[in-house]
1. With respect to LYS29, determine if the residue is of a type in the set (D, E, K, R), in a helix (DSSP H, G or I) and on the phi < 0 side of the Ramachandran plot.
2. Scan (1) assigned to a strand (DSSP E or B); (2) surrounded by 13 or more Cβ atoms within 10 Å (Cβ to Cβ); (3) in contact with a Phe, Trp or Tyr (Cβ under 8 Å, 6 or more places away or on another chain) for the single condition GLU16 breaks and write down its number.
Amino acid sequence: MKEYIFLLEEPVGTREIKIIASGMMEAFKKAKEFRKSIVQDTKVKVDMMLKGVRYTD
């Protein structure tokens, strides 16, 4: 499995989230859903960027 690290840039600061997935598309879909829930809750713009990938056992 791989651990995908995304940066969420919010007006108050940057948050780092880690998602464990088997592929990039799966990780991107999970991160996008997480970002969507934040935007719905706070009503602020949140930018998302891939920081990197860490390989796990």
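Each reported figure results from applying straightforward, stated rules to the coordinates on display, with no laboratory input. Here the structure is a predicted model, which is why all the values come from computation and not from measurement. Glycine also receives a Cβ, built like all others from the backbone with ideal geometry; neighbour counts cover every protein chain displayed.
1. Values: of a type in the set (D, E, K, R): yes; in a helix (DSSP H, G or I): yes; on the phi < 0 side of the Ramachandran plot: yes.
Taking the combined requirement at face value, the residue satisfies it.
2. (2)
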